[in-house]
Amino acid sequence: MDWIKINVNILEFIKTGKFGFLKLGEEKDEIINQKFPPEDWLNNETIESSKIWRYGNIELHFNDGNKLSGIFSDYVSHINCGERITISNWWIIPNDKKPPNLIDTIIELNILRIDFTKKYITPGYIELKLSNGV
């Protein structure tokens, strides 16, 4: 299967919600038609049925309508982009180093004048959701 490599600017992602050419709400078929099929997906699933596509340890999450609903990584301090993603501007997320803490992240978002909400998920986990859906 033919595929392309995308370049991601994390600062631009934070500001606009665009992850390379990807944006929330895109359908799986659109992403595949743009030559960006997944490198991996959930066990015992197919590309079509899997709710998560993986590129290294970066994940694209899809809702029940097969629309892109989230871009996620559990490994913020050690992001592996796989073969199909490169990152040109890490913003405040230095790869292979200590990730920014909550206060530093909030300060940077305030400097950029980006609105967000803060939600406590479980002890030790806090979600910041930006007005653009990131």
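Which entries of 15/118; 18/129; 23/98; 28/51 show an alpha-carbon separation above 21 angstrom in the structure shown?
In this structure, 23/98 lie more than 21 Å apart at Cα.
How large, in Å, is the chain by the Kirkwood hydrodynamic radius built from its alpha-carbon pairs?
About 15.8 Å, per the Kirkwood formula over Cα pairs.
Leaving ligands, DNA and RNA out of it, report the carbon-plus-sulfur percent of the accessible area of the chain at a 1.4 Å probe.
That share works out to 50 percent.
Are there any chymotrypsin sites (Phe, Trp or Tyr not before Pro) in region 65-134 that are in a DSSP loop and have at most 14 other Cβ atoms within 10 Å? List them by number.
75, 90
Assuming a ≥ b ≥ c are the square roots of the Cα gyration tensor eigenvalues, decide whether region 32-88 counts as rounded (a/c under 1.5), prolate (otherwise, with a/b larger than b/c) or oblate.
prolate
Report the longest stretch of the chain that contains none of the GluC sites (Glu not before Pro) sitting in a DSSP loop with at most 16 other Cβ atoms within 10 Å.
84-134
Identify, among 125, 57, 44, the residue whose Cα sits farthest towards the positive end of the charge dipole of the chain, taking +1 on the Cβ of Lys and Arg and -1 on the Cβ of Asp and Glu, with the dipole about the Cα centre.
125
Would you kindly state how much longer the chain becomes between residue 110 and residue 72 on full extension, computed as 0.36 nm times their sequence separation minus their alpha carbon distance, in nm to one decimal?
Full-extension gain reported as 11.5 nm.
Put one equal scatterer on each alpha carbon of region 86-131, apply the Debye formula with no solvent term, and list log10 I(q)/I(0) at q = 0.31 1/Å to two decimals.
The computed values of log10 I(q)/I(0) come out as -1.17.
At most 15 other Cβ atoms within 10 Å and a DSSP loop assignment: could you name the trypsin sites (Lys or Arg not before Pro) in region 55-134 that fit?
97, 113
The values are calculated or read from the model by the stated rules, or taken from the named source; none is laboratory data. The structure displayed is predicted, hence computed values, not measured ones. Don't worry about glycine lacking a Cβ; one is built from the backbone with ideal geometry, like all the others, and counts go over all protein chains shown. Just the protein is used for accessible areas: all its heavy atoms, side chains included, with ligands, DNA and RNA removed. Shrake-Rupley method; radii C 1.70, N 1.55, O 1.52, S 1.80 Å.
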